[in-house]
Amino acid sequence: MKQILIFLFLPIATFAQTSGLHYHKVSFKLDSLLIIAKDTTRYLQEYEKLPLDSLMESEYFTAAKVYSRQRNYRKFQSAAKKSFEAGQTSEVMIAFNSSLPQKEKSELLDLELEMKKKYFSKISKELYDEINELSILDSRIRDLHIRKMADYSLVKIIDSLNLLQLRKLIQKFGMLTERKHGALFHKFFYLINHCAMYNYKDHEWMRKLFYQAVMDGDARPDLYAYFVDRYEVINKRPQIYGSMTNSNPVQDWKKVDENRKNIGACNLWDWKLLRRGRF
């Protein structure tokens with residue numbers, strides 16, 4: 001597959017070197033979706049009640065963001081440390097915490113190097129590299145499509161190839177989840193929201209794996225709801241969980257909160273508040 005992709009993206013790579021395309025844009029957009037952003041005080045009250053090792057990477061990341069805004073750099077570093085241990089990068093952390101003093105930014109780089117050793121003691125480097133490669137291809141082709149440098153048919157080809165590779169990786173390493181794979185799941189989540197949307201069989205295969213991860217407590221139910229609703233909206237069907245915008249119909253408004261409760265997600269009103277309150 002790599003040989004096919006290298007051949008396919010040779011002209012794209014040449015264009016990218018001269019155009020200054022910013023390929024981190026997609027991961028930043030993704031992280032804004034994954035972050036749980038509540039009222040600052042309320043979020044920290046809930047965060048500090050829970051055992052530190054029981055949380056997921058996006059929750060550590062959000063706490064770091066809130067502590068940064070409060071200028072509480074001791075607690076910021078503690079949350080950032082756990083986020084790095086779950087695979088987050090200092091580049092993304094600094095981008096979302098632009099008010100950090102230079103000293104704290106430098107300390108983050110050292111902290112990241114220390115924690116990455118722990119991360120790769122639990123996560124396959126092969127899996128990490130493969131997901132990152134697929135994420136870069138996904139980002140590049142969509143950037144080029146937005147800039148009218150690539151037809152959407154090429155986007156679909158890349159999505160199909162990415163899906164084939166994801167199937168192989170899941171067969172070899174198992175389903176990716178946020179609890180087990182930390183920040184790597186963020187990129188995986190973004191990929192499946194692209195490549196598992198074209199036909200029912202692909203989506204159903206991924207949906208069952210995702211649902212089981214939610215039931216096992218290894219993935220967030222609100223992200224599962226978003227994944228399912230996105231597929232329904234793309235295929236011009238009403239949503240089940242109401243995760244998308246108000247302009248998209250819902251199967252039954254009276255049952256939305258019940259549907260969300262059945263998977264462990266918060267009610268729709270709180271979800272909308274969270275979405276509006278994201279950093």
Answer residue from the range 171-187, given it is part of a helix (DSSP H, G or I) and touching a helix residue (DSSP H, G or I) at 6+ places or on another chain (Cβ under 6 Å) and is nearest to Leu55 (Cα to Cα) among those: Glu178
Which listed residue is outside any helix (DSSP H, G or I), free of Cβ contacts under 8 Å to residues at least 24 places away in the same chain and under 25 Å from Asp138 (Cα atoms), from Lys236, Lys201: Lys236
Selection from the range 239-261 of residues that are in a helix (DSSP H, G or I) and among the aliphatic types (A, V, I, L, M): Val256
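Could you check the range 213-227 and list, in sequence order, the residues that are under 22 Å from Leu134 (Cβ atoms) and either of a type in the set (Phe, Trp, Tyr) or assigned to a helix (DSSP H, G or I) (or both)?
Our first condition is that a residue be under 22 Å from Leu134 (Cβ atoms); within the range 213-227, this holds for 213, 218-220, 223-224, 226-227.
Those that are under 22 Å from Leu134 (Cβ atoms) and either of a type in the set (Phe, Trp, Tyr) or assigned to a helix (DSSP H, G or I) (or both): Ala213, Leu223, Tyr224, Tyr226, Phe227.
Does Ala80 meet the test of being within 30 Å of Tyr43 (Cα to Cα), aliphatic (A, V, I, L, M) and either touching a strand residue (DSSP E or B) at 6+ places or on another chain (Cβ under 9 Å) or surrounded by fewer than 16 Cβ atoms within 10 Å (Cβ to Cβ) (or both)?
Details: within 30 Å of Tyr43 (Cα to Cα): yes; aliphatic (A, V, I, L, M): yes; either touching a strand residue (DSSP E or B) at 6+ places or on another chain (Cβ under 9 Å) or surrounded by fewer than 16 Cβ atoms within 10 Å (Cβ to Cβ) (or both): no.
Considered against the rule, which asks whether it is within 30 Å of Tyr43 (Cα to Cα), aliphatic (A, V, I, L, M) and either touching a strand residue (DSSP E or B) at 6+ places or on another chain (Cβ under 9 Å) or surrounded by fewer than 16 Cβ atoms within 10 Å (Cβ to Cβ) (or both), Ala80 comes out as no.
Tell me yes or no: at least one residue of the range 120-140 is part of a helix (DSSP H, G or I), β-branched (Val, Ile, Thr) and closer than 29 Å to Ser83 by Cβ.
Applying the first criterion (part of a helix (DSSP H, G or I)) to the range 120-140 yields 120-122, 125-140.
This time we only want the ones that are β-branched (Val, Ile, Thr), so: 131, 136.
Then drop every residue that is not closer than 29 Å to Ser83 by Cβ, which leaves 131, 136.
Yes: the range 120-140 contains one or more residues that are part of a helix (DSSP H, G or I), β-branched (Val, Ile, Thr) and closer than 29 Å to Ser83 by Cβ.
Have a look at Ala150, Ala183 and point out the one that is in contact (Cβ under 8 Å) with a residue 12 or more places away in the chain, hydrophobic (A, V, I, L, M, F, W, C) and crowded, with 22+ Cβ neighbours inside 10 Å.
The match here is Ala183.
Yes or no, residue by residue, for (1) modelled with pLDDT of 95 or more; (2) under 22 Å from Pro221 (Cα atoms):
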residue: Asp143; (1), (2): no, no
residue: Ala150; (1), (2): no, no
residue: Lys156; (1), (2): no, no
residue: Glu178; (1), (2): no, yes
residue: Met197; (1), (2): no, yes
residue: Met206; (1), (2): yes, yes
Single unsatisfied condition, Ser160 versus (1) more than 30 Å from Tyr119 (Cβ to Cβ); (2) buried (at least 17 other Cβ atoms within 10 Å of the Cβ); (3) among the small types (Gly, Ala, Ser): (2)
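Here is a list: Lys168, Lys103, Lys156. Which entry is closer than 21 Å to Tyr67 by Cα, out of contact with any His (no Cβ under 6 Å at 6 or more places or on another chain), assigned to a helix (DSSP H, G or I) and not hydrophobic (A, V, I, L, M, F, W, C)? Even if it seems obvious, please write down each step before you answer.
Numbers: Lys168 fails: closer than 21 Å to Tyr67 by Cα; Lys156 fails: closer than 21 Å to Tyr67 by Cα.
None of the others qualify; the one that does is Lys103.
Across the range 234-261, what is the number of residues that are surrounded by fewer than 18 Cβ atoms within 10 Å (Cβ to Cβ) and closer than 26 Å to Asn199 by Cβ?
Restricting attention to the range 234-261, the residues satisfying the condition of being surrounded by fewer than 18 Cβ atoms within 10 Å (Cβ to Cβ) are 234-238, 244-249, 251-255, 258, 261.
Cutting the leftovers down to closer than 26 Å to Asn199 by Cβ gives us 234-238, 244-245, 247-249, 251-252.
So the answer is 12.
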Hits in the range 58-77 (condition: without any contact (Cβ under 8 Å) to a residue 24 or more places away in the chain, under 28 Å from Asp218 (Cβ atoms) and not charged (D, E, K, R)): Ala63, Tyr67
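The values are calculated or read from the model by the stated rules, or taken from the named source; none is laboratory data. Since we're looking at a predicted model, the values are computed, not measured. Cβ: placed from backbone, ideal geometry, glycine included. Neighbour counts: every protein chain shown.
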